[in-house]
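Asks: Structure below; questions to follow.
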Amino acid sequence: MNIVLTGSLGNISKPLAIELVQKGHSVTVITRKEERQKDIEAIGAKAAIGTIEDVSFLTQTFKGADVVYLMEAWEGMGSIFDNNVDFVAAFNKIGTIYKQAITESGVTQIVHLSSIGAHTDKGTGSLYLHNAVENILKQLPDIVSIKFMRPVGFYTNIMRYIPSIKSQGAIVQMYGGDQKEPWVSPLDIALAIAEEMEKPFNGRTVRYLASDEISPNEIAKIIGNAIGKPDLKWLVISDKEMLDNMLKAGMNEWIANGFVEMQAAQRSGTLYEDYNRNKPTLGKVKLTDFAKDFAKIYNDVN
């Protein structure tokens, strides 16, 4: 098949491109950086240099594709430490551009990387923006089949705990304890997307993606053992303290408030209500596997 990927050579798009090329598909990777062209061609894919905010460029790149993979990258929309960035407007803009480019290019098979929390527009913090983009894409004609992929929290998000482990000797969040929650590896996401691309498309479907189900206390133990801190603890602070800490660090106020609301939904379990109704088969990469990668990066950080 002729497959077009957004996301450049990110944590998901790179292993996805490699997997698809190895399966014999013709793969085009969209990137805004010309210097990425060599790396894209090195894995056997073609580079399309341009921005996903350019409808004409996207339309031309999508034309003739059997399947198009769409994703929205938070970091591509601006810094979470910039109060001038309007993430709501940015997500809605990208969703609308995608819809227009798909319509004008004639593509009829889409795989969209959405997120846990996209099942509702309330109570999930900033994750509701994935619900907004899903709803924009659902406005496409029925001839366009869409597979909405909803991964849970990425293992790579655990890298954000490094500063508090270094400075406080602990993981510090708004929730904790022994209640298990799902996590996912970007590698398992890529494999699942490649698998879905080769299956028949029919209407609008949703698939949740997870690799492991594990509690905060178990995470602290596994990560602690990996970095030589077997007594590492997961500490819980109040919503207000978390919000104050993020605002003092200069975080975008909308992002900070959204993060607090999201963690409150994790704590209550409401974030996972639809996931629990549609539980997926867990992927191959477990937290113990990721912990080895975490340790390498942790030890490289001063």
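The values are calculated or read from the model by the stated rules, or taken from the named source; none is laboratory data. The shown structure was predicted, so the numbers you read here are calculated from the model rather than taken from an experiment. Here the Cβ positions follow ideal geometry from the backbone for every residue, glycine too, while neighbour counts run over all protein chains shown. Keep in mind that these areas ignore ligands, DNA and RNA; they rest on the heavy atoms of the full protein, side chains included. Shrake-Rupley method; radii C 1.70, N 1.55, O 1.52, S 1.80 Å.
Asks: Take GLU72 and tell me if it is touching a helix residue (DSSP H, G or I) at 6+ places or on another chain (Cβ under 8 Å) and either in contact (Cβ under 8 Å) with a residue 40 or more places away in the chain or more than 30 Å from GLY250 (Cα to Cα) (or both).
Replies: Details: touching a helix residue (DSSP H, G or I) at 6+ places or on another chain (Cβ under 8 Å): yes; either in contact (Cβ under 8 Å) with a residue 40 or more places away in the chain or more than 30 Å from GLY250 (Cα to Cα) (or both): yes.
Yes, satisfied.
Okay, residues lined up against (1) closer than 16 Å to LYS147 by Cβ; (2) touching a Lys or Arg at 6+ places or on another chain (Cβ under 8 Å); (3) modelled with pLDDT of 95 or more; (4) not aromatic (Phe, Trp, Tyr):
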| site | (1), (2), (3), (4) |
| --- | --- |
| PRO186 | no, no, yes, yes |
| GLU198 | yes, yes, yes, yes |
| THR205 | yes, yes, yes, yes |
| TYR208 | yes, yes, yes, no |
| ASP212 | no, yes, yes, yes |
| PRO216 | no, no, yes, yes |
| ILE227 | no, no, yes, yes |
| LEU232 | no, yes, yes, yes |
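Asks: Restricting the search to segment 28-62, which residues are within 22 Å of LYS93 (Cβ to Cβ) and charged (D, E, K, R)?
Replies: Residues satisfying the conditions are ARG32, LYS33, GLU53, ASP54.
Asks: Residues that are within 21 Å of PHE148 (Cα to Cα): find the strands (runs of 3 or more DSSP E) completely inside segment 39-113 holding 1 or more of those.
Replies: 67-70, 109-113
Asks: Then there's this: Out of segment 47-67, which residues are under 23 Å from GLY78 (Cβ atoms) and aromatic (Phe, Trp, Tyr)?
Replies: Scanning segment 47-67 gives a single hit, PHE57.
Asks: Here's another thing I want to ask about it. Out of segment 271-281, which residues are out of contact with any strand residue (DSSP E or B) (no Cβ under 6 Å at 6 or more places or on another chain) and surrounded by fewer than 16 Cβ atoms within 10 Å (Cβ to Cβ)?
Replies: The answer is GLU273, ASN276, ARG277, LYS279, THR281.
Asks: Of the residues that sit in segment 75-93 and are among the polar types (S, T, N, Q) and touching a residue at least 60 places away in the same chain (Cβ under 8 Å), which one is most open to solvent (accessible area, probe 1.4 Å)? Please lay out each step first, then the result.
Replies: If we filter segment 75-93 for residues that are among the polar types (S, T, N, Q), which is where we start, we get 79, 83-84, 92.
Filter again for touching a residue at least 60 places away in the same chain (Cβ under 8 Å), leaving 79, 83.
Values: SER79: 60, ASN83: 98 Å².
Of everything passing the filter in segment 75-93, ASN83 is most open to solvent (accessible area, probe 1.4 Å).
Asks: Return the residues of segment 241-258 that are touching a residue at least 24 places away in the same chain (Cβ under 8 Å), in a helix (DSSP H, G or I) and open to solvent by 50 Å² or more (accessible area, probe 1.4 Å); say none if nothing qualifies.
Replies: GLU253, TRP254, ASN257
Asks: Whether any residue in segment 145-160 is over 26 Å from THR281 (Cα atoms) and in a helix (DSSP H, G or I) is what I want to check.
Replies: yes
Asks: Check GLY117 against each of (1) surrounded by fewer than 18 Cβ atoms within 10 Å (Cβ to Cβ); (2) within 24 Å of ARG160 (Cβ to Cβ); (3) of a type in the set (Gly, Ala, Ser); (4) in contact (Cβ under 8 Å) with a residue 24 or more places away in the chain and name the one condition it does not meet.
Replies: (1)
Asks: Does any residue in segment 162-173 that is over 14 Å from ASN245 (Cα atoms) and in a helix (DSSP H, G or I) come within less than 9 Å, Cβ to Cβ, of a residue that is of a type in the set (Phe, Trp, Tyr) and open to solvent by less than 20 Å² (accessible area, probe 1.4 Å) six or more places away or on a different chain, and which pairs are these?
Replies: Going by the 9 Å Cβ cut-off, the qualifying pairs are ILE162/PHE294; ILE162/TYR298; ILE165/TYR298; LYS166/TYR298.
Asks: State which residue pairs qualify: first residue surrounded by 15 or more Cβ atoms within 10 Å (Cβ to Cβ) and inside segment 284-301, second residue at pLDDT 95 or above and of a type in the set (Asp, Glu) in any location, beta carbons under 6 Å apart, and separation of 6 or more residues or different chains.
Replies: Pairs that qualify, where the first residue is surrounded by 15 or more Cβ atoms within 10 Å (Cβ to Cβ) and the partner is at pLDDT 95 or above and of a type in the set (Asp, Glu), are VAL285/ASP188; LYS286/ASP212; LEU287/ASP212.
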